[in-house]
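K.L.:
One structure follows; several queries about it will come next.
The values are calculated or read from the model by the stated rules, or taken from the named source; none is laboratory data. As the structure is a prediction and not an experimental result, all values here were calculated from the model. A quick note on method: Cβ atoms are made from the backbone with ideal geometry, for glycine too, and the neighbour counts reach across all protein chains shown. All accessible areas refer to the heavy atoms of the entire protein, side chains included, with ligands and DNA or RNA removed. Shrake-Rupley method; radii C 1.70, N 1.55, O 1.52, S 1.80 Å.
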Amino acid sequence: MTERKPDHLPISVSDALEYVAHDQAITFKRLPNTCLTGLNLRKSIWIECDLTTCDFSGADLTDAQFVSCHLAGAAFSKAKLEQTTFVSCDMTQANFDGCGLSQTQLISCAADGLQLRDAQLDRAVMAQTGLAGADFEASCVDQSLILDCMIENVSLTGASLTNFVMTKADLRSVALTGVQIDTAVFSEANLSGKDLSGQTLERCRFSNGHFIGTSFANATLKQSMFVECDLSKAILSGSRAKLSSFMKCTLDGADLSQSNLLMAGFSGSSLRAVNFTASVMWSAVLQGTNCQAARFERADLRQADLTHADASAANFSAAEFYNTKFHGAEIDGTLFDGARGKVLGTDQERKIAEVYTPKIVVLDHEATYGSHQTAMQSTA
């Protein structure tokens, strides 16, 4: 048998203030289209109330709680929203323009069309909330989390995101023009096909992301990290990616020409047919990469490390080397026409030592692989 909820009864503003003054929760009440501007509603608790299109402008809602309330079209301009919590509320088209949201939480809310232009989000949390069409234009978001939210057609135009975390976000329809991102974590983000040319994304970590065909041309990616991301055919030409890292990524067919990749890391990545033409790759780490048919013409590869890389059919014409490591690298069909400088080739004794393990190679005087007998000591 379905439990019947109480009817929503109308309540006056004065009665609501009495509830607040006596630390009583306001439950199942109707107060739509009401002016509550400038009121002291600190620590107020609203449960399953109808507050549709209410005006909370300038109200003090510090430590207030809204649970399963109807707040569609409500206005919160210049309201105090420190540690305010919204749980399972309908906040469609609510207006927070210019608000300071410090430690504010939106949990499992419906907030399509939420207005947050010029807002200040400090340590705010939005989790499993629908934000389709929300507008964060010119907002400042610091130390905040957007976790598993629906953000279709959201605008982040001109926004500043610092110390920021976003998870499982499809950003392909999000407006990112002029966004500034510094020290952020994006997990399972999808930015495939987006144009991020000239954008600033410093000290960001992208894990398990999709950037197929994404343009980072002339973008600033200093100290950013991509882990197990797909950047196939991405455009990073002219990018400033000093100290950046691409770990176990797929960059097949990507364009990184004329980029600053000083001390960048590519260990374990697939770099087939990548264009590194004229890039600065001083001390770059390409250990164990697959860079078959990659182009390194005129690249600065001084002190770069291509240990155990597969550089077969790659083109290093006119490249600059100095103590560049090619130990154990595959260079069948590789071009070095016009290249200059010193390279460190394969050290055969080291290569044998690296390849040999008793589990793979068994010498005549050793125990059979898989045997529990103690191996005989070599007398060589």
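K.L.:
Which of LEU114, GLN348, VAL67 sits farthest toward the positive end of the charge dipole of the chain, with +1 on the Cβ of Lys and Arg and -1 on the Cβ of Asp and Glu?
P.N.:
So the residue we want is GLN348.
K.L.:
Right, next: Report, please, the projected area of the range 81-139 averaged over directions, based on the convex hull of its C-alpha atoms, in nm². Don't jump to the answer; show the numbers that get you there.
P.N.:
Working: hull surface 12.7 nm².
Mean projected area of the Cα convex hull: 3.2 nm².
K.L.:
Where the only charges are on Cβ atoms (+1 Lys, Arg; -1 Asp, Glu), what is the dipole of the chain about its Cα centre, to the nearest 20 debye?
P.N.:
Working: 30 positive and 43 negative charges, 155 e Å.
The calculation lands at about 740 debye.
K.L.:
Share of the chain's accessible area from carbon and sulfur, percent, 1.4 Å?
P.N.:
Details: 8840 of 17850 Å².
After summing per-atom areas, the C and S share lands at 50 percent.
K.L.:
When only the heavy atoms of the protein chains count and the probe is 1.4 Å, how do ILE235, ILE151 rank by accessible area, highest first? Please list the in-between numbers first.
P.N.:
Working: ILE235 65, ILE151 10 Å².
These residues rank, largest area first, as ILE235, ILE151.
K.L.:
Given labels modelled 7 Å from the Cα in the Cβ direction, how far is it in nm from ILE352 to ASN153?
P.N.:
6.9 nm
K.L.:
With θ taken as phi - 60° and the coefficients 6.51, -1.76 and 1.60, list the Karplus ³J(HN,Hα) couplings across the range 260-266 in order, rounded to whole Hz; mark glycine and proline as x.
P.N.:
8, 10, 4, 6, 6, x, 10
K.L.:
Here is a further query. Would you grab the residues whose amide H sits under 5 Å from the one on PHE226? Only those 5+ places off in sequence or on another chain, please, with H modelled 1.01 Å from N.
P.N.:
Amide H neighbours of PHE226: PHE206, SER245, PHE246, MET247.
K.L.:
Using 7 Å Cα-to-Cβ label points, what is the ASN40/SER108 separation (nm, one decimal)?
P.N.:
3.4 nm
K.L.:
May I ask for the equivalent-ellipsoid semi-axes of the range 1-144, computed as the square root of five times each C-alpha gyration tensor eigenvalue and listed largest first in whole Å? Before the final figure, lay out the partial values.
P.N.:
On the way: eigenvalues 114, 58, 36 Å².
That gives 24, 17, 13 Å for the three semi-axes.
K.L.:
Here is a further query. For the range 287-302, just list the computed ³J(HN,Hα) in residue order, Karplus coefficients 6.51, -1.76 and 1.60, θ = phi - 60°, integers in Hz, with x standing in for Gly and Pro.
P.N.:
4, x, 7, 9, 10, 4, 6, 6, 10, 10, 4, 6, 7, 8, 10, 4
K.L.:
Name the residue farthest towards the positive end of the dipole of the chain from the options PHE336, ALA25, SER245, assuming +1 on Cβ of Lys and Arg, -1 on Cβ of Asp and Glu, about the Cα centre.
P.N.:
PHE336
K.L.:
From largest accessible area down, sort LEU306, LEU176; use a 1.4 Å probe on the protein chains.
P.N.:
On the way: LEU306 0, LEU176 20 Å².
The ranking, largest first, comes out as LEU176, LEU306.
K.L.:
Follow-up question, since we're still on this one. Residues of the range 152-222: accessible area per residue at 1.4 Å, in Å²? It would help to have the intermediate numbers written out before the result.
P.N.:
Values: 2720 Å² over 71 residues.
Value for the range 152-222: 38 Å² per residue.
K.L.:
Can you pick out the pairs among LYS222/LYS248; LYS222/LYS325; LYS43/LYS80; LYS168/LYS222; LYS194/LYS222; LYS43/LYS78 whose Cα atoms lie more than 21 Å from each other? Please list the in-between numbers first.
P.N.:
Values: LYS222/LYS248 19 Å; LYS222/LYS325 24 Å; LYS43/LYS80 12 Å; LYS168/LYS222 23 Å; LYS194/LYS222 19 Å; LYS43/LYS78 17 Å.
Violating the 21 Å limit, Cα to Cα: LYS222/LYS325; LYS168/LYS222.
K.L.:
Would you compute, for the Cα atoms of the range 42-103, the largest minus smallest coordinate along each principal axis and list the three values in descending order, in whole Å?
P.N.:
23, 21, 15
K.L.:
Sorted from largest down, give the three principal axis spans of the alpha carbons of the chain, whole angstrom values.
P.N.:
Principal-axis extents of the Cα atoms in the chain, largest first: 94, 56, 31 Å.
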